[in-house]
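What follows is one structure encoded as structure tokens, with my remarks underneath.
The values are calculated or read from the model by the stated rules, or taken from the named source; none is laboratory data. Just so it is clear, the structure is predicted and the values come from calculations on it, not from any experiment. Positions of Cβ are generated from backbone atoms using ideal geometry, with glycine treated the same way; all protein chains shown enter the neighbour counts. Areas reflect the complete protein model, heavy atoms only, side chains present, ligands, DNA and RNA absent. Shrake-Rupley method; radii C 1.70, N 1.55, O 1.52, S 1.80 Å.
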Amino acid sequence: MKKAGTILIMLTICAFAQAQKTSYAQALAETAMKRWPDSFSMKAGSPARWSYDQGVVLKGIEGIWRATGDGKWFSYIQKSMDHFVQEDGTIKGYKAADFNIDNVNNGKILLLLYRVTGKEKYRKAVGQLREQLYNHPRTSEGSFWHKKTYPNQVWLDGLYMAQPFYAEYASVFGEDTAFSDIARQFALIEKHARDPKTGLLFHGWDQSRQQKWADQKTGLSPNVWGRALGWYGMAMVDALDYFPQRNTGKDSIIQILQRFAKAVTAVQDSRTGLWYDVPNLPAESKNYLEASASSMLVYTLTKGVRKGYLPTSYLAAAKKGYDGLLKQFIKEENGQTNLHGTVSVSGLGGSPYRDGSFAYYMSEPVIVNDPKGMGAFILAADEMELLQSLNEGKGRVVLLDNYFNSELRKGPGGNMVSWHYVWNEKDNDGFSTLCDVFEGYGAKTKTLAASPTAQNLKGADIYLVVDADDQKESASPKVATEKDAAAISSWVKAGGVLVLFGNDSGHNNIKSMNVLSSKFGIRLNEDLFNTVEGRNFEQGAVDVSGGNPIFSTAKKIYVKEIATLSVTPPAKAIVTKEGKNIMAVASYGKGTVFVIGDPWLYNEYTDGRKLPADFDNYKAAQDLAKWLLGKTKKK
């Protein structure tokens, strides 16, 4: 069955890659940026307001930035939020006392900005939203109310608004106890809102049974609503990104997600692949196929498969849904890409009163380019467009050393955390962009905080060692030994791919790195080459065009202040400048070694925010990752 599932996903991915010619994610994002160039307002000419809709659009655009390394997308995200976030961290238009769970959603974007830029104003703004959750009213079992004005009510929508932000905040600020609270809230709403016959969840639940829309016995609203299902599904796959690997709550949410996926695919329209506004009543008069719910469910299924939470068989349903979205709702009009078919809003209670009846859901207007629908579609397209490259590294494991390079600093929550060339670090010094590149090719990224013994390297396809610590970086640096070199060389000989990113002698324990590299005919020199004065980037330019075996798309890269290499057979230099060896490779048994005297692919020079546009460091990261994955043993 596992082999059959693998064949299915490969065939689906290949068929999609052949058909996909346009980035619909980018096309619709361009429309959003044109519509809201500076700030976000629902109607042209009306004042901008702090709105969860904007967060959905910006999360989709974040996905484009991560997939392209083009800084214009990040700049738009930052500009959009800077309209609201003041220098003292206060948020224009935000009122904590409203206890509106919708107002927390944009915190995901603020966390991104804080993690990337480190600016204090974003940390303070994020802290205000976290403070709301500390004090937010809850049901007697512990679920967040939807709003203070909707007491004792839990809507599926609210899980998306709060839980992924809550989980990321807990991960970044070291609040490990929060994860049990998050998992419990997913479980509680499933317990109360899940229909045992269909497995679908009703839109809302009123613990008090005081609302006219609430069933007096169950407290449930009368109907299932498509977008509410979409919010809940996206909340699960997004919150799971931040759960510790061995947390029992993670397993609980995955099990809920699996039940959810089975239920929603059972009501997917067999003809179009889309979902109805009220998904379980497709034959009812006036019911219609709806864009935002369909986009959200496509996103949930595709990401669920990519992350390994769902069986690969669900990818066929996701692909069919995405094809339906393109056919029915995406239209090229007036020189731009538009999304049709999104219901503007649907809720429960309030004034005028919304009774949750089928007639009520059918009464809400369906509009073009609704931001919730646009954001959801961009997110779905982000995931579907990743399918074009997932086969490059499917099943491979890229292991990043955190033993020779094990710098620590105080994290945002006051706890000591690893930093400087680590996967989950989004600031200039991190490797989150390179991590996205490897994962975009379908590989799994892991970290090794112990010595590279045969047992610890078992299961890894690529082992990346970066900038071994010296006394300036660590009080007790781990220095590579001959025993370490022997274990690594044996692993390479058996087919492993070793990557060594050194540094110049002033920032790196070159002697330690050379213990490893010299096994393969490569040594880092104790020199400083390609120095750069200020922002004179051209001084750091290196030409990699002209038939380079690794860089098939990159032509010009930036590599500053490096240690050059001494190379002896069987190793060979593959990139040089002014007669100096900059990059070298070696074949060793069944394996491969790549060495450069600089950590050059860290975020500062790959995420598109700093380098001039004519440098190709992001493309170089893609080229190198693809080449390295191609050197691994086939699985």
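The lysines whose alpha-carbon is closer than 19 Å to the alpha-carbon of K217, local same-chain residues fewer than 8 away aside, are K191, K197.
Over 10 Å intervals from 0, what percent of Cα-Cα pairs in the range 227-270 sits in each interval? In order of increasing distance, the bins hold 26, 51, 20, 3 percent.
Where does the Debye-calculated log10 I(q)/I(0) of the range 277-421 sit at q = 0.10, 0.11, 0.12, 0.19 Å⁻¹, using only Cα point scatterers of equal weight, no solvent? Here the Debye-derived log intensity ratios amount to -0.55, -0.63, -0.70, -1.12. Rolling a 1.4 Å probe over the protein heavy atoms gives the chain an accessible area of 39 Å² per residue.
Taking 7 Å steps out from each Cα toward its Cβ at T218 and R35 produces label points 3.4 nm apart.
What Kirkwood hydrodynamic radius, in Å, does the range 562-635 give when the mean of 1/r is taken over all pairs of distinct Cα atoms and then inverted? Could you put the intermediate results ahead of the total?
Working: mean 1/r = 0.0722 Å⁻¹.
About 13.9 Å for the range 562-635.
Scalar couplings 3J(HN,Hα) for the range 620-627, obtained by applying the Karplus form with A = 6.51, B = -1.76, C = 1.60 to θ = phi - 60°, are 5, 4, 5, 4, 5, 4, 5, 5 Hz; x denotes Gly and Pro. Centre-to-centre, using Cα atoms only, the range 182-247 and the range 447-520 are separated by 48 Å. Largest accessible area first, the listed residues H83, H420, H203 line up as H83, H420, H203 when surface is computed with a 1.4 Å probe on the assembled protein chains.
The Rg/Rh ratio for the range 570-611 is 1.11, where Rg is the radius of gyration of the alpha carbons and Rh is the Kirkwood radius.
Against the chain, whose longest principal axis is taken from its Cα atoms, helix 52-68 shows a tilt of about 30°.
Which option, (1) 46, 25, 24; (2) 41, 30, 23; (3) 45, 31, 23, is the value of semi-axes √(5λ) of the Cα gyration tensor in Å that was calculated from these coordinates? For semi-axes √(5λ) of the Cα gyration tensor in Å, the calculated option is (1).
Counting residues in the range 462-568 as N, plug N into 2.2 N^0.38 Å and put the Cα Rg over that result. The partial results should precede the final answer.
On the way: Rg = 15.5 Å, N = 107, 2.2 N^0.38 = 13.0 Å.
Cα-based Rg divided by the globular estimate yields 1.19.
Computed from the Cβ-Cβ distance with R0 of 60 Å, the FRET efficiency linking S587 to S285 stands at 0.30.
What's the local net charge at Q455, with K and R +1, D and E -1, over the other residues with C-beta under 15 Å away?
+2
With a simple spin-label model that places each label point 7 Å from the Cα along the Cα-to-Cβ direction, the separation between E526 and E333 comes to 7.0 nm. For the peptides 252-260, 116-124, the ranking by packing is 252-260, 116-124, with the highest mean count of neighbouring Cβ atoms within 10 Å listed first.
In whole Å, what three semi-axes, largest first, describe the equivalent ellipsoid of the range 181-274 built from its Cα gyration tensor (square root of 5 times each eigenvalue)? Walk me through the numbers before you get to the answer.
On the way: eigenvalues 107, 76, 21 Å².
After scaling each eigenvalue by five and taking roots: 23, 19, 10 Å.
Among beta bridges identified by DSSP and lying wholly in the chain, the antiparallel ones come to about 70 percent.
Within the range 385-464, what percent of beta bridges assigned by DSSP are antiparallel, to the nearest 5? It would help to have the intermediate numbers written out before the result.
Values: 3 of 11 bridges.
Around 25 percent of the beta bridges assigned by DSSP in the range 385-464 are antiparallel ones.
Normalised by residue number, the volume inside the convex hull of the Cα atoms of the range 510-635 is 122 Å³ per residue. When the accessible area of the chain is computed with all protein chains present and a 1.4 Å probe, what percentage of it is carbon and sulfur? Ligands and nucleic acids excluded, carbon and sulfur give 50 percent. Ordering 91-97, 158-164 by mean Cβ neighbour count within 10 Å, with the highest value first, yields 158-164, 91-97. Starting from the Kirkwood Rh over alpha-carbon pairs, what translational D in µm² s⁻¹ does the range 29-83 have by Stokes-Einstein at 37 °C and 0.692 mPa s? It comes out at roughly 288 µm²/s.
Take the Cα radius of gyration of the range 302-348 and divide it by 2.2 N^0.38 Å, N being the number of residues; the result is 1.55.
The distance from the alpha carbon centre of the range 106-144 to that of the range 250-294 is 30 Å, rounded to a whole number. If you look at the Cα atoms of the range 363-503, you get an Rg and a Dmax of 19.8, 74 Å.
The ellipsoid equivalent to the alpha-carbon distribution of the range 28-177 has semi-axes of 25, 18, 15 angstrom, derived from the gyration tensor eigenvalues as √(5λ) and listed largest first.
In percent, rounded to a whole number, the relative contact order of the chain is 12, using alpha-carbon pairs under 8 Å and six or more apart. Rg/Rh for the range 535-596 stands at 0.99; both radii use Cα atoms, and Rh follows the Kirkwood definition.
The stretch between T22 and T248, if pulled fully straight at 0.36 nm per residue, gains 77.3 nm over its current Cα-Cα span. Taken along the Cα-to-beta-carbon direction at a fixed 7 Å, the label points for E538 and S518 span 4.0 nm.
Binning all Cα-Cα separations of the range 114-257 at 5 Å, short to long from zero, yields these whole-percent fractions: 2, 10, 19, 22, 19, 14, 8, 4, 2, 1, 0. For the listed residue pairs K372/K426; K394/K458; K119/K147; K147/K303, the alpha carbons are over 19 angstrom apart in K372/K426; K119/K147; K147/K303. Enclosing the Cα atoms of the range 197-350 in their convex hull gives a volume equal to 156 cubic angstrom per residue.
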